[in-house]
Amino acid sequence: MGTTNTRDEDGMALAAGLRLAMGRIVRRLRQTHAVGDLTLSGVSVLARLAAGPDSPGSLAELERVRPQAMATTLAGLEQRGLVSRTPDATDGRRAIVSITGAGRSVLEERRSESVDRLARALDEFTPQERAALRAAMPLLDRLADRL
């Protein structure tokens, strides 16, 4: 039973450390974007729509937010011309949301800024440290899938 307790304590300590580190990374990346820039949820919705059109209800489910919160996010994106809505061909009561060309441009610019900033930070890491981070990527992806 002592092993289980140790493992649980180790797991809790690892979880707390991951949460802090990931939170700091996300906050620092957010700080590079201008005031009035897209929210993190807006960027996430654009990224989902870049893979293909979807319904507001499905987007809310995928993003794990209430339909009302998704409606607010989509209204802001639509107001800026980053997404468009069309009636669903099979169910006229439902809307389908698509990313616009302007939305793709904003998404790409935002991704480029973040990737550039991360790449500059990684320049200071040794080849061994970079290899360790690369090796951890599949585990981090699996962890994200399970949250």
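Taking label points 7 Å from Cα along the Cα-to-Cβ direction, residue 144 and residue 75 give a separation of 3.0 nm. Normalised by the number of residues in the chain, the average gap of Cα pairs under 8 Å and 6 or more apart makes the relative contact order 19 percent. A Gaussian network model of the chain, with springs between Cα atoms under 10 Å, assigns the largest mean-square fluctuation among 113, 61, 129 to 129. Seen from all directions on average, the range 52-108 presents a Cα convex hull projection of 4.0 nm².
The helix-based estimate of mean residue ellipticity at 222 nm for the chain, built from -39,500 (n - 2.57) per DSSP H run of four or more residues and divided by its residue count, is -24000 deg cm²/dmol to the nearest 500.
Shape analysis of the range 90-143 based on the Cα gyration tensor places the equivalent ellipsoid semi-axes at 36, 18, 5 Å, largest first. Highest mobility in the GNM of the chain, judged by mean-square fluctuation with C-alpha springs under 10 Å and restricted to 21, 135, 121, is found for 135.
Sequentially through the range 61-67, phi angles give Karplus couplings (6.51, -1.76, 1.60; θ = phi - 60°) of 5, 5, 7, 6, 10, 5, x Hz, Gly and Pro residues having no value and appearing as x. The slack in the chain from residue 18 to residue 125, taken as 0.36 nm per residue of separation less the alpha-carbon distance, amounts to 36.6 nm.
When the chain is treated as a Gaussian network with alpha carbon springs shorter than 10 Å, the biggest mean-square fluctuation among 88, 37, 123 belongs to 123.
FRET efficiency for the pair residue 132 and residue 47, taken as 1/(1 + (r/R0)^6) with r the Cβ-Cβ distance and R0 = 41 Å, rounds to 0.95.
Rolling a 1.4 angstrom probe over the chain with all protein chains present gives an accessible area of which 57% lies on carbon and sulfur atoms. With the largest listed first and rounded to whole Å, the semi-axes of the equivalent ellipsoid of the chain from the Cα gyration tensor are 34, 22, 13. For the chain, a crude dipole built from +1 on the beta carbon of Lys and Arg and -1 on the beta carbon of Asp and Glu, taken about the Cα centre, is about 180 debye to the nearest 20.
The values are calculated or read from the model by the stated rules, or taken from the named source; none is laboratory data. This is a predicted model, so every value here is computed, not measured. No Cβ is skipped: glycine too gets one built from the backbone with ideal geometry, and neighbour counts run over all protein chains shown. For the accessible areas, the whole protein counts, side chains as well, though only heavy atoms, and no ligand, DNA or RNA atoms are used. Shrake-Rupley method; radii C 1.70, N 1.55, O 1.52, S 1.80 Å.
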